[in-house]
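To start, the structure under review is shown below, and the notes come after it.
Only the coordinates and a few stated rules stand behind these numbers; no lab work does. Fair warning: this is a prediction, and the values are worked out from it, not measured in the lab. Quick reminder, even Gly has a Cβ in these numbers, built from the backbone with ideal geometry, and neighbours come from all protein chains shown.
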Amino acid sequence: MLLEIKDLTKNFGGLAAVSDFSMDVAEGEIVGLIGPNGAGKSTVFNLITGVLPATSGTIVFDGHDITKKLPDQVARLGIGRTFQLNPLFPDFTVLENVTSSFDLHPRSTLFDIFFNTGKYRRNEAFIQVKAREILELVGLLDEVDELAKNLPHGHQKMLGVARALATKPRLLLLDEPLAGMNPGEIQDSLDAIRSMRANGITVLIVEHNMQILTLCDRVVVISFGKKITEGLPEEVRANTEVISAYFGTDYVC
């Protein structure tokens with residue numbers, strides 16, 4: 001398993017946002033983490049990435065206990081993520097937004113940068129090439145010179161994904177990547193996520209749009225901070241606990 005979460009709990013005062021939550025993700029999988037609003041999905045992401053400290057439980061990534069690690073330490077180990085609200089540089093171009101994210105893995109020293117050494121120039125050329133490869137992967141290669149703030153919503157979401165990919169993750173956490181997209185943008189995004197898996201990236205997705213189930217190998221369902229079930233997408237669709245969590249106990253199919 002690439003990611004193993006065991007008995008994870010996060011309390012805010014007397015409120016348990018996540019309670020005794022366990023799940024795992026195997027290398028090469030696309031796993032969906034779904035649940036109704038306020039279920040604790042984004043809190044799980046924040047715990048995995050060190051944005052929030054866990055109250056109890058353990059998180060292990062590639063054999064390393066990351067439960068108490070800080071966000072930059074988690075990212076350097078190979079976990080990237082996106083956010084529901086995209087942290088873009090609005091007045092940077094699309095290409096500049098991506099190249100700026102390569103600083104997590106610097107290849108040049110301050111000496112190289114200050115004196116504009118050959119090593120620095122080669123590294124900058126390498127970053128330019130890799131950034132364009134990432135933009136091609138997410139379908140934004142034709143927008144390299146456009147300012148981020150001028151992109152339509154769907155393209156801004158995918159630019160956020162591109163910035164996460166620039167950190168060279170082995171595991172990519174996508175937080176509602178399809179939110180607010182039109183049908184064409186959704187299909188392009190689904191195709192891009194499939195391409196990421198084909199390029200060796202394991203993906204864990206939080207999403208409300210149930211079209212995401214067409215991508216997933218497995219689905220984990222959380223409600224009120226607790227895991228209620230997990231299984232194949234078709235099994236989860238038919239699960240009465242899942243139906244109740246989304247629609248209430250009086251819902252009739």
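Placing unit charges on the Cβ atoms of the charged side chains and taking the dipole of the chain about its Cα centre, the candidate lying farthest along the positive direction among Val220, Pro177, Val98 is Val98.
Using just its DSSP H runs of length 4 or more, each adding -39500 (n - 2.57), the chain gives a mean residue ellipticity at 222 nm of -10500 deg cm²/dmol after division by all residues. If a spin label sat at a point 7 angstrom from the Cα of Gln84 along the line to its beta carbon, the backbone N atoms of the stretch 187-211 nearer than 19 Å would be those of 204-211. Only the Cβ atoms of Lys and Arg (+1) and of Asp and Glu (-1) were treated as charged; on that basis the dipole of the stretch 1-151 about its Cα centre amounts to roughly 420 debye. The calculated FRET efficiency for the pair Asp65 and Arg122, based on their C-beta separation and a Förster distance of 45 Å, comes to about 0.75. Loop-located GluC sites (Glu not before Pro) in the stretch 62-147 (DSSP state other than H, G, I, E, B) with a sparse environment of at most 16 neighbouring Cβ atoms within 10 Å: Glu146. The charge dipole of the stretch 86-168, taken about its Cα centre with unit charges on the Cβ of Lys, Arg, Asp and Glu (plus for the first two, minus for the last two), comes to roughly 360 debye.
Look at Ser244, Ser42 and count the other Cβ atoms within 10 Å of each Cβ; fewest to most, that gives Ser244, Ser42. If the viscosity is 0.692 mPa s and the temperature 37 °C, what translational diffusion coefficient in µm²/s does Stokes-Einstein give for the chain when Rh comes from Kirkwood over Cα pairs? For these conditions, the coefficient is 171 µm²/s.
Figure legend: label point modelled 7 angstrom from the Cα of Phe12 along Cα→Cβ; residues of the stretch 48-78 with amide N under 15 Å from it are 51-55. Which FRET efficiency value, to the nearest 0.05, is calculated for Ala198 and Phe114 with the Förster distance at 41 angstrom and r the Cβ-Cβ distance? For R0 = 41 Å, the calculated efficiency reads 0.55.
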